[in-house]
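Asker: Below: one structure in structure tokens.
Taken together, the values in this text are just the output of simple stated rules run on the coordinates, not laboratory data. This is a predicted model, so every value here is computed, not measured. As a convention, Cβ positions derive from the backbone with ideal geometry for all residues, glycine included, and neighbour counts pool all protein chains shown.
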Number of protein chains: 2
Amino acid sequence: MAVYTEVLDEELFSFLAGYDIGDLLSYKGIAEGVENTNYYLHTTQGSYILTLYEKRVNEADLPFFLGLMQHLATKGLNCPLPLKSRSGETLGRLAGRPAAIFTFLDGIAVRRPTAQHCAALGSALAQLHLDGRDFAMSRPNALSVNGWPPLFAQAEAQADRVSTGLAERTRRELEALQRDWPTDLPNGIIHADLFTDNVFFIGREVSGLIDFYFACTDALAYDVAICLNAWCFEADGSFNLTKGRGLLSGYQAVRPLEASEIDALPVLCRGSAMRFMLTRLVDWLNVPPGALVKPKDPLEYDRKLHFHRQARNAREYGLVT
Amino acid sequence: MAVYTEVLDEELFSFLAGYDIGDLLSYKGIAEGVENTNYYLHTTQGSYILTLYEKRVNEADLPFFLGLMQHLATKGLNCPLPLKSRSGETLGRLAGRPAAIFTFLDGIAVRRPTAQHCAALGSALAQLHLDGRDFAMSRPNALSVNGWPPLFAQAEAQADRVSTGLAERTRRELEALQRDWPTDLPNGIIHADLFTDNVFFIGREVSGLIDFYFACTDALAYDVAICLNAWCFEADGSFNLTKGRGLLSGYQAVRPLEASEIDALPVLCRGSAMRFMLTRLVDWLNVPPGALVKPKDPLEYDRKLHFHRQARNAREYGLVT
């Protein structure tokens, strides 16, 4: 949680003058978001979010992310809609950063989802996959199977400082994943980071999906696997099969999984756990001095990998066939 | 700027259930406030601020602060109104902290006030002083002339690390202040921390005063001196007499200063500059490891003290007589 970029009033006023959103009544820096700086804006016309893109987001990817949100919002999916300025642009510049203004989404991110939350999330994920089908742009997933070895290379020498044997475990796991990774699954737009902080609920209903800054083109079922990892494990590391059932049946109610996707689910879970273990490990070993954000524990995903290595089929994740 | 205390959804829901403010639709940690943790709440009934009081605020003082805000809001002053829970209390407990819910105030804190802003601020300050007259509670000012020597004692030995000669300058200044400090000025409720971040504007009008957690009973003109220090110096350390005129004439239009207050203005300016120099100096020398908040520069107020030592009368602050 952090505000990385402070904005001067004058800069903000002149930036907002480029949009047809009324007069500014109030703005507050929001203490969340690891990658970007977000401000809550209240104007005479309503509430908005102003996002300033920090260095971790590649500026060249922003047209894809903003275009995708625009596409999905137009389809009726509840995601932030980037507003067009008077000159027709969704992307501007403020305080030396790329910046955009979005509609404000109500809703609350649940920290401890129930099986019902998981079911609602599963349906929303499937709807996202359907709504993304006719989006014209594409973006390769840099954090898929070919991206993992170079990530690991950054951390390998120091991995055992974090946990004894981690380097060797990871080497073997990466070999298995390279060998077994599926290449023929239905592809499309995936969110690729749909953790609980990126899903808003009002009551039991999903009211919004946010933070599309890892979205890319990849196997749709890989997104399902990311969510199984993020939503269905308990704090003690155990897998909650009831939550898995909720998530998978919620998904299937909107978009039934194909046989190839069902077969691939265990290896996709291993792969997505590897992806988060590796990025967390690299961050863990490279905390900059004075960092405002506490790095996340890579070992949480090392333990999930251990669980996934023993899973034989999608039933063990809660798939009801 | 910081969120010091993270609140769990379940705790928050059960806390909010004690208030008649509708159903929660959204909440966001706000990245501002040095002393406390603030959340923006959006409910089916409107917008609110939830404040959790951190350790720097003395819990025994909270009834005074909340009672004062209630008193002033009832008088029509735009300040946060603490809401009563269903059981009639303005102060509750959440996440192990004292906590309260307030009405949300629109408005924008100006970082570079103009003379017009200073005039509006002066009038709002005078109105606060008038509205506070019949508030029944009182609270001594621990950060007035008798509080400064013990503060300095915490920093004296290391003061010259911050600036050569600072210890000796401060010793002499404290002696002069002890000798010359006025004791017979009109007393009442003062805000005591009315920096630009604590005053909201919409256009040229003051739309709200916030952060009453240093409010106390002291000389009203001491509050004027605090504002002259906080609002009328430029970033380069120069005193802007036009802003001083704005502030003082705005104040006088609502509450004319008495002759004793006018006479005392230079020494009150010295004293209030000393107060902020000392608290900043102590904070500067005691930054905890991993601090989220950058300490403010004590030397800014050391330089202001130098200006004040040369001022002979209130005209040099912009008083038009």
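Asker: For the stretch A:1-160, what is the charge dipole size about the Cα centre, in debye to the nearest 20, if Lys and Arg each add +1 at the Cβ and Asp and Glu each add -1 at the Cβ?
Answerer: Values: 12 positive and 17 negative charges, 82 e Å.
About 400 debye.
Asker: Could you check the spin-label model distance between A:Gln310 and A:Asp297? Points 7 Å from the Cα along Cα→Cβ, value in nm.
Answerer: 1.9
Asker: Identify all aspartates and glutamates with a Cα-Cα distance to B:Lys75 below 12 Å; exclude those on the same chain that are fewer than 8 residues away in sequence.
Answerer: B:Asp131, B:Asp134
Asker: Let me ask something else. What is the magnitude of the charge dipole of the protein assembly as shown about its Cα centre, with +1 placed on the Cβ of each Lys and Arg, -1 on the Cβ of each Asp and Glu, and no other charges, expressed in debye to the nearest 20?
Answerer: Charge dipole, the protein assembly as shown, about its Cα centre: 340 debye, nearest 20.
Asker: Which percent of Cα pairs goes in each bin when the distances of the stretch B:115-317 are cut into 5 angstrom slices starting at zero?
Answerer: Per 5 Å bin, starting at zero, the Cα-Cα P(r) for the stretch B:115-317 comes out as 1, 7, 16, 20, 20, 17, 11, 6, 2, 0 percent.
Asker: Take the cross-link list A:Lys28/A:Lys304; A:Lys55/B:Lys294; A:Lys294/B:Lys84; B:Lys243/B:Lys296 and give me the ones stretching past 28 Å between alpha-carbons. Could you put the intermediate results ahead of the total?
Answerer: Values: A:Lys28/A:Lys304 37 Å; A:Lys55/B:Lys294 22 Å; A:Lys294/B:Lys84 36 Å; B:Lys243/B:Lys296 23 Å.
In this structure, A:Lys28/A:Lys304; A:Lys294/B:Lys84 lie more than 28 Å apart at Cα.
Asker: Separate question: Which chain B residue hugs the B-A rotation axis most tightly by its Cβ, and what is that distance in angstrom, to the nearest whole number?
Answerer: Result for the axis mapping B onto A: B:Ala31, 2.
Asker: Let me ask another. Hey, for B:Arg133 with labels 7 Å out along Cα-Cβ, what do the inter-copy distances come to in nm, ordered shortest first?
Answerer: 7.4
Asker: Go through the stretch A:233-314 and name the GluC sites (Glu not before Pro) that are in a DSSP coil and have 12 or fewer other Cβ atoms within 10 Å of their Cβ. All intermediate terms of the calculation are to be shown ahead of the outcome.
Answerer: Working: sites: A:Glu234, A:Glu258, A:Glu261, A:Glu300; in loops: A:Glu234, A:Glu258.
Here the sparse-neighbourhood loop sites are A:Glu234.
Asker: If each DSSP helix of 4+ residues adds -39,500 (n - 2.57) and the sum is divided by the residues in chain A, what number results at 222 nm, nearest 500 deg cm²/dmol?
Answerer: -13000 deg cm²/dmol
Asker: So which trypsin sites (Lys or Arg not before Pro) in the stretch B:96-162 pass both tests, a DSSP loop state and at most 15 other Cβ atoms within 10 Å of the Cβ?
Answerer: Loop-located and lightly packed - B:Arg111, B:Arg133.
Asker: Follow-up. Which value, in Å to one decimal place, does the Kirkwood hydrodynamic radius take for the stretch B:9-103 when every pair of different Cα atoms is included?
Answerer: 13.6
Asker: Compute from the Cα atoms of the protein assembly as shown the Rg and the Dmax, the latter being the longest Cα-Cα distance, and quote both in angstrom.
Answerer: Rg and Dmax of the protein assembly as shown, Cα atoms, are 28.5, 89 Å.
Asker: Here is a further query. Using the charge dipole of the stretch A:9-103 (Lys, Arg: +1 at Cβ; Asp, Glu: -1 at Cβ; taken about the Cα centre), state which of A:Phe65, A:Gly29, A:Leu91 has its Cα farthest towards the positive end.
Answerer: It is A:Phe65.
Asker: I'd like the Karplus ³J(HN,Hα) series for the stretch B:94-100: coefficients 6.51, -1.76, 1.60, θ = phi - 60°, whole numbers in Hz, and an x wherever there's a Gly or Pro.
Answerer: Going residue by residue, I get 8, 6, x, 10, x, 8, 8 Hz, with x marking Gly and Pro.
Asker: How many nanometers, to one decimal and shortest first, lie between the label point of A:Gly96 and those of its other copies, if labels sit 7 Å from Cα toward Cβ?
Answerer: Once sorted, the set of distances for A:Gly96 reads 3.9 nm.
Asker: Would you be so kind as to identify all helices of chain B, as entire DSSP H runs, whose Cα atoms reach 18 Å or more along the helix's own axis and whose mean Kyte-Doolittle hydropathy is at least 0.0?
Answerer: B:62-75, B:115-131, B:241-254, B:259-285
Asker: Placing the label point 7 Å from Cα along the Cα-to-Cβ direction, what are the distances from B:Arg204 to the equivalent spots in the other copies, shortest first, in nm to one decimal?
Answerer: Nearest first, the other copies' label points are 5.7 nm away.
Asker: Sort B:Phe104, B:Phe201 so the one with the fewest other Cβ atoms within 10 Å of its own Cβ comes first.
Answerer: So the residues, fewest neighbours to most, are B:Phe104, B:Phe201.
Asker: Could you please rank B:Ser87, A:Ser272, placing first whichever residue has the fewest other Cβ atoms within 10 Å of its Cβ?
Answerer: Working: B:Ser87 8, A:Ser272 26.
Arranged by neighbour count, lowest to highest, B:Ser87, A:Ser272 become B:Ser87, A:Ser272.
Asker: Taking chain B as a Gaussian network, Cα atoms linked when under 10 Å apart, which of B:Asp223, B:Asp297, B:Asp160 shows the biggest mean-square fluctuation?
Answerer: B:Asp160
Asker: Moving to a separate point now. Going by how many other beta carbons lie within 10 Å of each one, how would you line up A:Lys28, B:Lys294, fewest first?
Answerer: B:Lys294, A:Lys28
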